[in-house]
Amino acid sequence: MPKRTYGNEFGFATRAVHTGNDIDGETGALRRPITMANSYELPYDPSDMNWSDAGGSLYTRNGGANQKYLQEKLASLEGGEDCVALASGVGALSGLFFALLQSGDHVIFSSVTYIAAYRLLNELFNNKFRVETTLVDTTDPENVRRALRPNTRLIHIETPGNPTLMISDIRAIAEIAHAHGAYLSVDNTFASPFNQRPIELGADFVVESLTKYINGHGDAMGGAIIGRTKDLAAIRAQSQINLGATISPFNAWLIMRGAVTLPLRMRQHNASAQKVAEWLEAQPCVRFVAYPGLESHAGHAVAQSQMAPGYGGVMAFGLNTDHDGHNRFVSHLRVITSAVSLGHDESLIVFLGEDDERQYLFPEEFHGGFFRFSVGLEDAEDIIFDLKQALEKAGLL
């Protein structure tokens, strides 16, 4: 039976179910199996083989079967030509930067990003490899334009940004980057490809932490870079094969399975988060709520233009209380779990205190301590009830 293919003539949900999957040739099973082997049979004469080749089945660090199936699915969902799946979201970020940049290059990146991206660009690549970097408030594209230098090779943005939910205009920044001959990469983890597809908006690369929404079950780690085949060839050779940040077959299989329900889960995350954000905003004890789906959010109009189905399941909010009051509130939660990460089936909350090293980059309202809140798949009414009863028990409502 020929391999079944599912191109863009099919809808997002259909491709989420079918792309990368096929009938197993040996057993006839409707699901491709987990291939846990780390090595594959060599041809009759392997003496002239390139041991760093990613084209065939040689060694799982060069590319395993389950990784290849997952990459096919992700490229389709993101609207890209190709994909490299790696061991974690940070592995994908560092893999992109390592393959793309060299000493003397200049990078512009969002002033609010995931802490690992901040570390990589603001410290490690800068200090170890002499890559010049500039932090910019990318919510205003003109700030990006003003920061350009003759040696600017990459603009890296995160939208929505972690943890303040800042929104950057992907189309506008892509035009600025390409007019200058630079690349644009977008960390799309908070949105997921269901809500936002940066390649369709002009980005050259999309980075996803597969650990979050695409897996969706809190039980596997992975990361991915999606883009043009010619650009990803260097990333695959340098950052996967020679740095060795390859995703394990089991994690690739788990994420492949989780991605099937991405459209269904994201609809629930979007709807519940909108309800929760609106409820929080109406409470007198809540100092602020940052969620792109709220009209009060500074980036709401841009988010409307590039996040068509919804605004994701993550928000930030602060309370009218002191440091201990924030922690006291969390201690009374029963449905919502105090833990890092996001995009899981269960709701997760983390208190970020007043002493974060990047606080000088955050808007003023974030300086009194705040929560990053990932709304899960529980009934929205139960999430709201849990917030309400915890606020009451903490003496805040």
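The values are calculated or read from the model by the stated rules, or taken from the named source; none is laboratory data. All of these numbers come straight from a predicted model, not from anything done at the bench. Note that each Cβ is placed from the backbone with ideal geometry, even for glycine, and that neighbours are counted across all protein chains shown.
Scanning for something touching a residue at least 24 places away in the same chain (Cβ under 8 Å), in a loop (DSSP other than H, G, I, E, B) and surrounded by 23 or more Cβ atoms within 10 Å (Cβ to Cβ), does the stretch 112-120 turn up at least one residue? Yes.
Exactly one residue out of 331, 296, 305, 341 is on the phi > 0 side of the Ramachandran plot, among the hydroxyl-bearing types (Ser, Thr, Tyr) and surrounded by fewer than 16 Cβ atoms within 10 Å (Cβ to Cβ): that is 341.
Restricting attention to the stretch 267-304, the residues that are of a type in the set (Lys, Arg) and either under 17 Å from residue 383 (Cβ atoms) or under 24 Å from the mean Cα position of the chain (by Cα) (or both) total 2. In this structure, does residue 387 turn out to be at pLDDT 95 or above, touching a Cys at 6+ places or on another chain (Cβ under 7 Å), surrounded by 16 or more Cβ atoms within 10 Å (Cβ to Cβ) and among the hydrophobic types (A, V, I, L, M, F, W, C)? No, not satisfied.
Scanning the stretch 127-142 turns up at least one residue that is under 27 Å from residue 233 (Cα atoms) and aliphatic (A, V, I, L, M). Determine if the stretch 185-198 includes at least one residue that is more than 21 Å from residue 86 (Cα to Cα) and aliphatic (A, V, I, L, M). No - not one qualifying residue is present in the stretch 185-198.
Please work out which one of (1) surrounded by fewer than 19 Cβ atoms within 10 Å (Cβ to Cβ); (2) over 30 Å from residue 371 (Cβ atoms) is the condition residue 124 fails and give its number. Result: residue 124 fails condition (2) only. Can you tell me which residue is surrounded by the fewest Cβ atoms within 10 Å (Cβ to Cβ) among those in the stretch 199-230 that are without any contact (Cβ under 8 Å) to a residue 40 or more places away in the chain and not aliphatic (A, V, I, L, M)? For the stretch 199-230, the residue satisfying everything is 230.
Among the aliphatic types (A, V, I, L, M), part of a loop (DSSP other than H, G, I, E, B) and either touching a residue at least 12 places away in the same chain (Cβ under 8 Å) or in the same structural domain as residue 279 (by TED's automatic domain parsing) (or both), is that true of residue 391? So residue 391 does not fit the description; no. Taking residues in the stretch 232-259 that are surrounded by fewer than 16 Cβ atoms within 10 Å (Cβ to Cβ), and partners anywhere that are at pLDDT 95 or above and hydrophobic (A, V, I, L, M, F, W, C), the pairs with Cβ atoms closer than 6 Å and at least 6 places apart or on different chains are 234/99; 238/99. Annotation note: Cβ proximity below 7 Å between a residue of the stretch 302-325 that is outside the structural domain of residue 356 (by TED's automatic domain parsing) and in a helix (DSSP H, G or I) and a residue that is of a type in the set (Phe, Trp, Tyr) and surrounded by 21 or more Cβ atoms within 10 Å (Cβ to Cβ) (sequence gap 6+ or interchain) occurs for no pair. If you go through the stretch 361-373 one residue at a time, do you hit one that is touching a helix residue (DSSP H, G or I) at 6+ places or on another chain (Cβ under 6 Å) and modelled with pLDDT of 95 or more? Checking the stretch 361-373: not a single residue is touching a helix residue (DSSP H, G or I) at 6+ places or on another chain (Cβ under 6 Å) and modelled with pLDDT of 95 or more. Residues in the stretch 95-108: is at least one of a type in the set (Val, Ile, Thr), under 18 Å from residue 237 (Cβ atoms) and either outside the structural domain of residue 187 (by TED's automatic domain parsing) or surrounded by 24 or more Cβ atoms within 10 Å (Cβ to Cβ) (or both)? The answer is no, given that none of the residues of the stretch 95-108 is of a type in the set (Val, Ile, Thr), under 18 Å from residue 237 (Cβ atoms) and either outside the structural domain of residue 187 (by TED's automatic domain parsing) or surrounded by 24 or more Cβ atoms within 10 Å (Cβ to Cβ) (or both).
Can you tell me which residue in the stretch 215-258 is farthest from residue 338 (Cα to Cα), limited to those that are β-branched (Val, Ile, Thr) and part of a strand (DSSP E or B)? That would be 226. Looking at 232, 264, just one residue is more than 16 Å from residue 92 (Cα to Cα), more than 15 Å from the chain's Cα centre (by Cα) and not basic (Lys, Arg), and that residue is 264.
Scanning the stretch 196-207 for residues that are under 12 Å from the mean Cα position of the chain (by Cα) and outside any strand (DSSP E or B) gives 196, 197, 198. For the stretch 140-163, the set of residues classified as surrounded by fewer than 22 Cβ atoms within 10 Å (Cβ to Cβ) and not in a helix (DSSP H, G or I) consists of 140, 148, 149, 150, 151, 152, 153, listed by residue number.
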